[in-house]
Amino acid sequence: MIDPFSLPTALEVGGKLYKIRTDYRVVLDILTAYGDPELDAADKTQVLIEVLYINYETIPPEHMEEAVKKASWFLDANLPHDLKPHPVTMDWLKDAPIIIPEVNKNIGTEVRSVKYMHWWTFFGAYMQIGGDGLYSSVINVRQKRAKGEKLEKWESKFYKENQALCDLNWEQKKKEMEAVEKIFG
């Protein structure tokens, strides 16, 4: 059983412990790759394994599926995983300038200046973002738009004034595709 009060630095795969890279920057690199439309599922899995596991090449091929599951568990910070698909409403790379100040506030220090911070520590601070900050407003607008819900008057104004911040690349691509369909039917 995993100790919920410890920060894992290795994952057990096939009965053997494999050290992992646990700094939040490493995980954000992996999550950025997961959001890259140029990579297919196999490429994303390869990035996950090769970046997270320090000696990934020593994991036997027959244990690779378990290694992926354990890596996903680590990225999810031991939180229950809902298998229902949800609309994508955030992008770690695009949102970094508005996420980092909120995480800094929650942790009480500039996280970019610390040499090392465990992913679960960073993620815990991220999960506590709330209230009236810019990031919360952006996420609120994105969630409503993704669900097709009507925006409040202030949200519509906020969206119009901050469209570049609120729109994710997939939203822009969707708009471009709709424009092309209108032209070419």
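Over the chain, what is the relative contact order in whole percent, taking alpha-carbon pairs under 8 Å and six or more residues apart?
So the answer I get is 21 percent.
Mind checking the full-extension length gain between LEU7 and LYS160? Use 0.36 nm per residue of separation minus the Cα-Cα distance, one decimal, nm.
Result for the pair: 50.9 nm of gain on full extension.
Sort the following peptides by mean Cβ neighbour count (other Cβ atoms within 10 Å, averaged over residues), highest first: 151-160, 20-29.
By packing density, highest mean first, the sequence is 20-29, 151-160.
If packing is taken as the average number of other Cβ atoms within 10 Å across a peptide's residues, how do 108-114, 3-9 rank, most packed first?
My ranking of the peptides, most packed first, is 108-114, 3-9.
What number, rounded to the nearest 500 deg cm²/dmol, is the helix-based mean residue ellipticity at 222 nm of the chain, given -39500 (n - 2.57) per DSSP H run of at least four residues and division by all its residues?
It comes out at -17000 deg cm²/dmol, rounded to the nearest 500.
Ranked by Cβ crowding within 10 angstrom, fewest neighbours first, how are LYS150, LYS94 ordered?
LYS150, LYS94
Would you mind putting 118-129, 33-44 in packing order, based on average other-beta-carbon counts within 10 Å, highest first?
118-129, 33-44
In debye, nearest 20: dipole of the chain around its Cα centre with unit charges on the Cβ of K, R (+) and D, E (-)?
With only Lys, Arg, Asp and Glu charged at Cβ, the dipole is about 580 debye.
Dividing the convex hull volume of the Cα atoms of the chain by its residue count, what figure in Å³ per residue is obtained?
161 Å³
Coordinate-derived values only; no laboratory data. Nothing here was measured: the structure is a model prediction, and the numbers come from that model. Neighbour counts are summed over all protein chains in view; Cβ atoms, including those assigned to glycine, are modelled from backbone coordinates with ideal geometry.
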